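Structure first, commentary second.
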Amino acid sequence: MATLSTPKNEMNWQAIHDYIGSSFALQMPVPWVFRGWLLLSWGVVVAWIGLAALGNVSINRQRAWVLLCAFFMLLPGSWSPVFWLGMMFQSPSLLAVGLCAASLLRRFAPYFNAPPRVGTAEVSEPTPRRTSHGVAVTRWQFGSIVFGWALGLLLLMDVFALLPVHVYAWGFSSIALIFAAVIAIMLWLTIAKTDTFLSDFAVILLASLLLFALLRLPDGNIWDALLDPGLWIVLNFWLARLAWSRLRSMASGSGNGSTGGNL
């Protein structure tokens, strides 16, 4: 009797999914650890959002805002904003909290504002790709933004079952954790001495992966530890800003009879 077989030139998505699924580990964080993480994570994120909205204000007002956030976050039950933020958005990602925390440290800790050094020589920064409208990113920074945006888009497509496999479910496997760790280590080793921003980002990424491996925060899925809707919206904003700046540079360059600036 003839049997149906998959053509050799077609990828067997089910076999790939089953292979990754063989390393699934549905481990959730300990309840009291998750509760403490909610308080800390939302406190850091709300403090960062508030300081970003306040703009250039005195250091005393910045400190007052941080203390006010800490006070309200520690209120019991539904009196705390954490209760409502957790109900609506659950928990921010480890990576987002790490980036917000690093930004807060640079505001209040003079050590983190010192010029980066390797030995006795300052780290040289690569020349960013600038436009005539003030947006500047290096090629590595632009590639990292695109990679994060593409990952978020992939997970969004998975939500609507537009993919042949369940990418979100892969986040429960140890293979996904190893893959993310390898990417982070390669990023850090490649640009540690040439790009201070991405070097710091790689360290935060590695710390997030280590915290995830130890405590399984926030929900045992590696994708939720690296990306959340808020962070993905920020990546969309940055890409839109870069694209708009590029278009304006091309338009102004055409008007002046030149080739335009490089993004």
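Out of (1) modelled with pLDDT of 85 or more; (2) under 30 Å from S249 (Cβ atoms); (3) surrounded by 13 or more Cβ atoms within 10 Å (Cβ to Cβ), what's the single condition that is false for A150?
(3)
Where the second residue is of a type in the set (G, A, S) and not in a helix (DSSP H, G or I) and the first is within 14 Å of V45 (Cα to Cα) and lies in the stretch 229-244, which pairs have Cβ atoms under 7 Å and are six or more apart or on separate chains?
Hits for this filter: L231/S93.
Kindly evaluate A192 against the criterion of being in contact (Cβ under 8 Å) with a residue 12 or more places away in the chain and out of contact with any strand residue (DSSP E or B) (no Cβ under 7 Å at 6 or more places or on another chain).
Against the criterion (in contact (Cβ under 8 Å) with a residue 12 or more places away in the chain and out of contact with any strand residue (DSSP E or B) (no Cβ under 7 Å at 6 or more places or on another chain)), A192 does not qualify.
Grab the helices (runs of 4 or more DSSP H) fully contained in the stretch 1-90, keeping just those with 1 or more residues being under 29 Å from D219 (Cβ atoms) and modelled with pLDDT of 90 or more.
Numbers: elements: 13-21, 31-54, 59-73, 81-89.
The helices (runs of 4 or more DSSP H) meeting that bar are 31-54, 59-73, 81-89.
Condition check: over 25 Å from V203 (Cβ atoms) and either without any contact (Cβ under 8 Å) to a residue 12 or more places away in the chain or among the aromatic types (F, W, Y) (or both). Does P76 satisfy that?
Against the criterion (over 25 Å from V203 (Cβ atoms) and either without any contact (Cβ under 8 Å) to a residue 12 or more places away in the chain or among the aromatic types (F, W, Y) (or both)), P76 qualifies.
List the helices (runs of 4 or more DSSP H) that sit entirely inside the stretch 128-242 and contain at least 1 residues that are under 25 Å from I49 (Cα atoms).
Correct list: 139-159, 196-215, 222-226.
Condition check ((1) at pLDDT below 90; (2) more than 17 Å from P92 (Cα to Cα); (3) touching a helix residue (DSSP H, G or I) at 6+ places or on another chain (Cβ under 8 Å)) across all residues:
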| residue | (1), (2), (3) |
| --- | --- |
| L210 | no, no, no |
| R216 | no, no, no |
| D224 | no, no, no |
| L227 | no, no, yes |
| G230 | no, no, yes |
| W238 | no, yes, yes |
| S245 | yes, yes, no |
| A251 | yes, yes, no |
| G257 | yes, yes, no |
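The values are calculated or read from the model by the stated rules, or taken from the named source; none is laboratory data. Since we're looking at a predicted model, the values are computed, not measured. Cβ: placed from backbone, ideal geometry, glycine included. Neighbour counts: every protein chain shown.
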